[in-house]
Amino acid sequence: MPQITFIDLDGNEHAHEVEAGMSVMEGAIKHGVPGILAICGGSCACSTCHCYVGSDWWEQVGPPNDIEDSTLDLALERQERSRLSCQIEITDEMDGLIIQIAQNDG
């Protein structure tokens, strides 16, 4: 199972094994990682699961699609490596992925 490291708003690291096929958001919620609100439940409609993908992982994770890109316009502090964690599906090749949680509670 891939291990994902979540970095919360206070800089604390939370490393958890997340089953391939789950979204980053689902993995964060399952393990109680603070900062992922996921108000819309993962339907790419609210941006409350906004995160930043570690620079070494951007190429593998890839950019948002058009719908996600539009939803990210609602996010606070959008950056070049912004993604919605509900839209990132974990694969076995993502072992070691680093995700920084963005400010999601306005």
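The values are calculated or read from the model by the stated rules, or taken from the named source; none is laboratory data. What you see is a predicted model, and the numbers here were worked out from it, not measured in a lab. A quick note on method: Cβ atoms are made from the backbone with ideal geometry, for glycine too, and the neighbour counts reach across all protein chains shown. SASA here: full protein model, heavy atoms, side chains in, ligands and nucleic acids out. Shrake-Rupley method; radii C 1.70, N 1.55, O 1.52, S 1.80 Å.
What the table below lists for this structure:
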item: Every pair of residues 6+ apart whose Cβ atoms lie under 8 Å, when the first sits in segment 66-95 and is within 14 Å of C40 (Cα to Cα) and free of Cβ contacts under 8 Å to residues at least 60 places away in the same chain while the second is open to solvent by 80 Å² or more (accessible area, probe 1.4 Å) and of a type outside the set (F, W, Y); result: L72/R78
item: Tally, over segment 59-106, of residues that are among the polar types (S, T, N, Q) and in a loop (DSSP other than H, G, I, E, B); result: 5
item: Pick from segment 40-64, criterion open to solvent by 70 Å² or more (accessible area, probe 1.4 Å) and out of contact with any Cys (no Cβ under 9 Å at 6 or more places or on another chain), ranking: nearest to Q100 (Cα to Cα); result: S55
item: Selection within segment 10-39 - more than 21 Å from D92 (Cα to Cα) and either touching a Cys at 6+ places or on another chain (Cβ under 6 Å) or not polar (S, T, N, Q) (or both); result: D10, G11, G32, P34, G35, I36, L37, A38, I39
item: Residue check, A75 surrounded by 19 or more Cβ atoms within 10 Å (Cβ to Cβ) and out of contact with any strand residue (DSSP E or B) (no Cβ under 9 Å at 6 or more places or on another chain); result: no
item: Segment 1-39, residues that are surrounded by 14 or more Cβ atoms within 10 Å (Cβ to Cβ), part of a loop (DSSP other than H, G, I, E, B) and without any contact (Cβ under 8 Å) to a residue 40 or more places away in the chain; result: H31
